[in-house]
Amino acid sequence: MPTTLPPNSPFYRFSTSIETRCFINNTFVETADKFPIYNPSTEELSAQVSQAGVNEVDAAVDAAEKAFPAWSELSADARGACLRRLAELMVESVDELAYLEAISMGKVAAHYPGEVRWAAALLQYFAGLATELHGETSLSTAGMLNLTLRQPYGVCGAIIPWNGPLAAFAMKVGPALAAGNTLVLKPSEKSPLTALCVAKLIPKAGFPPGVLSILPGFGAVTGAAIASHMRIRKLAFTGSTRTGRIVKQLAAKSNLKHVTLELGGKSPCIVFEDADLAAAAEAAALSIAGNSGQLCYASSRVYVQASIADRFVEAYTAAFRKAMGKVGDALDPDTTHAPQADAAQFQSVMGFIEAARTQGLEPIAGGRRVGERGYFIEPTVFLDPGEGSQINREEIFGPVAVVNTFETEEEALQRANDTEYGLYSSIFTNDLKRVLRFAKGLEAGMVGVNCTSPTAPFDMPFGGFKQSGEGREFSFKSLDSWTETKTVMMKM
Ligand code: NAD
């Protein structure tokens, strides 16, 4: 049985009514196939969730197909109104959402309201863009009026990861529905509870049945059924580069559905000797400490100019420890250091650290589990492990940073770009000409200058170069990937 909270806990009232069923056609559906969710702070069972199989995916696609004509014919303003209302209802449910994320993937409940408000604001942003979706016109051919129509695909699919469950939810739902598509969304098997809680709000927000279905389940079952579905025309995926490759293959082998990919990263952060050292150390540390290192765009690879390396490493390590702060149950209001999402993530991160040790690389800070219960890892820093080392090249997705020292600007740029990833890069310097050279030279979809992730305003495109992705989210530009463009040529 899932653990229950003491009745005096502020979260007690949410613990007795956790929604665990698939949400199809505005109705909750229980399936026989269940999978467990464990609380990563305590390792106790939190819930048993219904897995959607091929039949549930088919039912959701049927409902989405049925809903599409009326939904896409609604005025953009009316679609926007549903998104706005959903955003309001999510903010009203912030405590319940915080509880559910804490007991599934360990987000610190005290920090969570900010994330819910962020996701709600993103939905509202796309609600506003719904009416801005326009085509082009041309009179450049004699005797012709030519124009383009931007039209929704119809039924779309979304597969999202566990590390920012509601953020990823809003990044898919907002533009997909604003553009007039209907959507079948699969949350991660590690963190489906907040999406299912939001599902309770979908009818209340005014969405007609079938417009948005939520199907929990594992990737190889539910995810593969969505990626291979013959009647889903567009798929938006966020997750690892490894799975992105599989999903793209499934899409190609089925109906060649359009695919956008938001994938992994190993983001470099370059600090020059002329930078504000304290500000750079703090920003770089916050970037890797956030969400216990479980962020795609975390500055996990720091390059610091050798002349300031000693001072920087000291400030950075201290800032990293301070940013992670106090270990504890994610529901405890004093906790700031979240656990890794589950046993598999914990073992994966510890595996990277142990593998480095076996190669003779000892971290200069951290490197151990904290406590014996819960999946907590110390803020960990390796110094100059070698450009080709595994910890310098692979995405670890935990509170593990690598600091490398460099001598020249040319060397820094070459090493920063020497990766198959290209999500986010950042540079700290006060030399304007150098800023311009790096803004152009860095091979990344996003470049921070005297700032780093999580800085990412949602009116600007978000996405990666190389194996970090394909297509862009956020911003008006993201609507390109949720619509087909039709050219109409009219003889006058
Ligand atoms: P993951 O690739 O393991 O899983 C992502 C999603 O894909 C999950 O819902 C999973 O169930 C599903 N999936 C797994 N196998 C599948 C299959 N065979 N067919 C269809 N679906 C399948 O990634 P994760 O561990 O959930 O998330 C962490 C990764 O996501 C990291 O690499 C991180 O960098 C990346 N990420 C990227 C962004 C971005 O915007 N670029 C944002 C967040 C996370």
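The values are calculated or read from the model by the stated rules, or taken from the named source; none is laboratory data. What you see is a predicted model; the values in this text were computed from it and never measured. Cβ atoms come from the backbone with ideal geometry, glycine included; neighbour counts cover every protein chain shown. These accessible areas exclude ligands, DNA and RNA; they are computed on the full protein's heavy atoms, side chains included. Shrake-Rupley method; radii C 1.70, N 1.55, O 1.52, S 1.80 Å.
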> What are the ³J(HN,Hα) values, in whole Hz, obtained from phi via the Karplus relation 6.51 cos²θ - 1.76 cosθ + 1.60 with θ = phi - 60°, for each residue of region 362-374 in sequence order, with x given for Gly and Pro?
Replying inline: 9, x, 7, 8, x, x, 10, 5, 9, x, 10, 10, x
>> Ignoring solvent entirely, what values of log10 I(q)/I(0) come out of the Debye formula for region 124-194 at 0.16, 0.19, 0.23 Å⁻¹ when each Cα is a single scatterer?
In response: -0.66, -0.80, -0.99
>> Given Cα positions, please report Rg to Rh for the chain, the hydrodynamic radius being the Kirkwood one.
In response: 0.99
> Can you give the charge dipole size of region 152-246 about its Cα centre, rounded to the nearest 20 debye, using +1 on the beta carbon of Lys and Arg and -1 on the beta carbon of Asp and Glu?
Replying inline: 120 debye
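Excluding F28 itself, calculate the net charge of residues whose Cβ lies under 11 Å from the Cβ of F28, where each Lys or Arg counts +1 and each Asp or Glu counts -1. Please report the intermediate quantities before stating the final value.
Working: positive: R21, K200; negative: E19, E30.
Once all neighbours under 11 Å are counted, the net charge is 0.
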> Compactness ratio of region 195-266: Cα Rg over 2.2 N^0.38 Å, N = residue count?
Replying inline: 1.24
> Once every DSSP H run of n ≥ 4 in the chain is given -39500 (n - 2.57) and the sum is divided by its residues, what mean residue ellipticity at 222 nm do you get, rounded to the nearest 500 deg cm²/dmol?
Replying inline: -11000 deg cm²/dmol
>> Cross-link candidates for K491: which aspartates and glutamates have Cα within less than 19 Å, leaving aside residues fewer than 8 places away along the same chain?
In response: E136
> When only the heavy atoms of the protein chains count and the probe is 1.4 Å, how do M492, M350, M324 rank by accessible area, highest first?
Replying inline: M492, M350, M324
>> For V304, what residues show an amide H to amide H distance below 5 Å, using hydrogens built from the backbone and excluding near sequence neighbours?
In response: V271, N404, T405, F406
> Quick one: Karplus J couplings for region 194-202, per residue in order, coefficients 6.51, -1.76, 1.60, θ = phi - 60°, nearest Hz, x for Gly and Pro?
Replying inline: 6, 5, 6, 5, 5, 4, 4, 8, 4
> Taking the Cα centre of the chain as the origin, how large is its charge dipole in debye, to the nearest 20, when only Lys and Arg (+1) and Asp and Glu (-1) carry charge on their Cβ atoms?
Replying inline: 1360 debye
> Per residue, how much space in cubic angstrom lies within the convex hull of the C-alpha atoms of region 241-359?
Replying inline: 173 Å³
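Determine Rg/Rh for region 1-147; Rg is computed over alpha-carbon atoms and Rh is the Kirkwood hydrodynamic estimate from the same atoms. Let's see the in-between values first.
Numbers: Rg = 21.2 Å, Rh = 18.8 Å.
Ratio of gyration radius to Kirkwood radius: 1.13.
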> Once you list every other residue whose beta carbon is under 14 Å from the beta carbon of D276, what net charge do they have if Lys and Arg are +1 and Asp and Glu are -1?
Replying inline: -3
> If the cut-off is a Cα-Cα distance under 13 Å, which aspartates and glutamates reach K204, setting aside same-chain residues fewer than 8 apart in sequence?
Replying inline: E88, E92
> When only alpha-carbon atoms count, how far does region 88-156 stretch along each of its three principal axes, as whole angstroms with the largest first?
Replying inline: 64, 21, 17
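Given +1 on the Cβ of Lys and Arg, -1 on the Cβ of Asp and Glu, and no further charges, what dipole in debye does region 382-492 carry about its Cα centre, rounded to the nearest 20?
Values: 11 positive and 17 negative charges, 132 e Å.
Its charge dipole is roughly 640 debye.
Based on the Kirkwood radius over alpha-carbon pairs, what value in µm²/s does the Stokes-Einstein equation return for the translational diffusion coefficient of region 296-368 at 20 °C and 1.002 mPa s?
Values: Rh = 14.6 Å.
Value of D from the Cα-based Kirkwood radius: 147 µm²/s.
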> Once phi is turned into θ = phi - 60°, what whole-Hz ³J(HN,Hα) does the Karplus curve with 6.51, -1.76 and 1.60 give for every residue of region 324-336, x standing for Gly and Pro?
Replying inline: 5, x, 8, 6, x, 4, 4, 8, 6, x, 8, 6, 10
> With each label point set 7 Å from Cα along the Cα-Cβ vector, what nm distance links E73 and E407?
Replying inline: 7.2 nm
>> I'd like to compare 252-258, 440-446: which one has the highest average count of other Cβ atoms within 10 Å, and what's the full order after that?
In response: 440-446, 252-258
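Computed over the Cα atoms of region 259-318, what is the convex hull's projected area averaged over all directions, in nm²? Walk me through the intermediate numbers first.
Working: hull surface 18.3 nm².
Over all viewing directions, region 259-318 projects a mean Cα-hull area of 4.6 nm².
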